[in-house]
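These notes concern the structure reproduced below.
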Amino acid sequence: MHAQWISEALASALDRHSKEGLSRQLMRLLRLWISSGRLPGNTMLPASRELAANLKLGRNTVLNAYEQLQAEGYLATQQGAGTYVTLLFQHKAGHEAPLRRQPLGLSRRGSELYQYCPMPQGLHGAFAPGVPEIRQFPHHCWQQLLARHQRQATPASLLYRDDGGLQPLREVLADYLQLSRSVRCSPQQILITQGAQQALELSARLLCDAGDIAWVEDPGYAGAKAALRGAGLTLIAAPVDSEGLNPALVTDARPPRLIYTTPSHQYPSGVVMTLARRLALLQHAEQAGAWIVEDDYDSEFRYDSQPQPALQGLARDERVIYAGTFSKVMYPGLRIGYLVVPDSLIDAFRAAQARLYREGQYPVQAALADFIAGGHFARHIRRMRELYRERQHLLRRALADTAAGQLTLSPGEAGMHLVATLPAHISETAISEAAAAQGVWLRPLGRHYLGAATQHGLVLGYAGVDQQAITHGSQVLASLLNGATP
Ligand SMILES: Cc1ncc(COP(=O)(O)O)c(C=O)c1O
């Protein structure tokens, strides 16, 4: 415990109007705090001169109290180190009424959230999915922009705000989304959020009521399921086939209020939703009276073709809410994402964001707007696209060399991960646990299913993994596969 906090606590506990002298009060308080365990054994007390100055007392008053407590055995001094709490009275700790630990449990919704959304594992290294290559991020340029905007921060940019994000960032983002993703939007329709996760959570809270039906892709993104569950929605599996989410395969007859989808690169299967399926999904949503939440999380990483335009731009009406993130193209710790919502809803979204989460980080948003406007963003995406393409090829080659015939890799020239289908006799969980013991993360595909898994495999992230780690991770995977007896 820092001596400064002890001074502060004593300063607020001393009663200068009391009949009890200040030295006596000091002794009583220290005795009480030591015997109750509030000041544990070996805690260094502030030097008497320092404490006297902080408490505006004579130094002798403090010295008297320290000496008395030393005589009683509560305190001791050590040459050159100062006065500290002895261990003598620690056994008295807990004399007060024992704390009633956790009188209440989690809510039903809380328990469900915890049960179905376990802590993510394997946050970086081979083959953690969804992690970009942050070592090659232009840190120097980014730091300069951040420093400039922090230095020039106006009082307004440091106060509470409720404008849905910095205007210059919303402007460059609107240009980017219209041009690169065919999203229909004006800067006014954009809400800057703390990552896609908050964007999804906010959409669920504002567009649905607890108990409403939400379709989620199966297999699908755990973060979205957590956001929808957290808002009290009932999740229904919407199976994904070779053309993307297939409304015809949903077995629950209740109409959905919200459909969550990743059409440009389905997570985690990697399927790109065909045009026919996009039109069918839009039509289905129209008939059901459902919102569609389109999560365009990694559309920047297409290696051999232009990405398909966003579903939002294809819709005849305004039922598609578009969500995106800078986590993959910048870095996840930035926590900046965005929503594009219909004009008629933007005020409600802004107000809810300001009430539920509060806005902030305006100097960072200003740096990001400059990073994009100055061309650094596009340059970084181009470099990463090239790098991730090479890494994907490397992973495919390494697995073809070491584990040929044992794994089937997902097709497609896009994204930051591949799905490797396993032979039926190999347990996803067993192989994942054995690899984790060797420092290699192989996420079981089964974790992405709401119901029974229809495919059996592993999700292998490669974007943030260098050549050496890809080779090593592939060898570990191959040796585990070869060691598993059919
Ligand atoms: C499908 C999908 N959406 C969104 C995200 C990013 O979310 P956030 O912006 O909250 O980091 C991820 C990250 O892994 C993802 O896989």
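Some notes on this structure:
- Residue in the stretch 257-267 that is touching a residue at least 24 places away in the same chain (Cβ under 8 Å), of a type in the set (Val, Ile, Thr) and over 27 Å from LEU409 (Cα atoms) present: yes
Residues are listed down the side, and each one gets a yes or a no for (1) within 16 Å of the ligand (Cβ to nearest atom); (2) of a type in the set (A, V, I, L, M); (3) more than 18 Å from THR262 (Cα to Cα):
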| position | (1), (2), (3) |
| --- | --- |
| ALA147 | no, yes, yes |
| PRO155 | no, no, yes |
| LEU191 | yes, yes, yes |
| ALA196 | yes, yes, no |
| ALA204 | yes, yes, no |
| ALA210 | no, yes, yes |
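- The stretch 410-440, residues that are assigned to a helix (DSSP H, G or I), open to solvent by 30 Å² or more (accessible area, probe 1.4 Å) and of a type in the set (S, T, N, Q): THR429
- For the stretch 380-395, the criterion of being over 28 Å from the mean Cα position of the chain (by Cα) and either open to solvent by less than 70 Å² (accessible area, probe 1.4 Å) or of a type outside the set (Val, Ile, Thr) (or both) is met by at least one residue.
- Among residues of the stretch 114-134 that are without any contact (Cβ under 8 Å) to a residue 12 or more places away in the chain, none has a beta-carbon under 6 Å from a residue that is open to solvent by 30 Å² or more (accessible area, probe 1.4 Å) and away from the ligand (no atom under 14 Å from the Cβ) at least six positions away or on a different chain.
- Only one entry of ALA400, ALA469 meets the criterion of being closer than 22 Å to VAL329 by Cβ, open to solvent by 20 Å² or more (accessible area, probe 1.4 Å) and outside any loop (DSSP other than H, G, I, E, B), and that entry is ALA469.
- Of the strands (runs of 3 or more DSSP E) entirely within the stretch 220-337, those holding at least 3 residues that are in the same structural domain as PHE137 (by TED's automatic domain parsing) and within 15 Å of the ligand (Cβ to nearest atom) occupy 258-261, 291-295, 320-325.
The values are calculated or read from the model by the stated rules, or taken from the named source; none is laboratory data. These numbers were taken from a predicted model, which means no experiment stands behind them. Glycine also receives a Cβ, built like all others from the backbone with ideal geometry; neighbour counts cover every protein chain displayed. Surface accessibility is based on the protein's heavy atoms, side chains included, excluding ligands, DNA and RNA. Shrake-Rupley method; radii C 1.70, N 1.55, O 1.52, S 1.80 Å.
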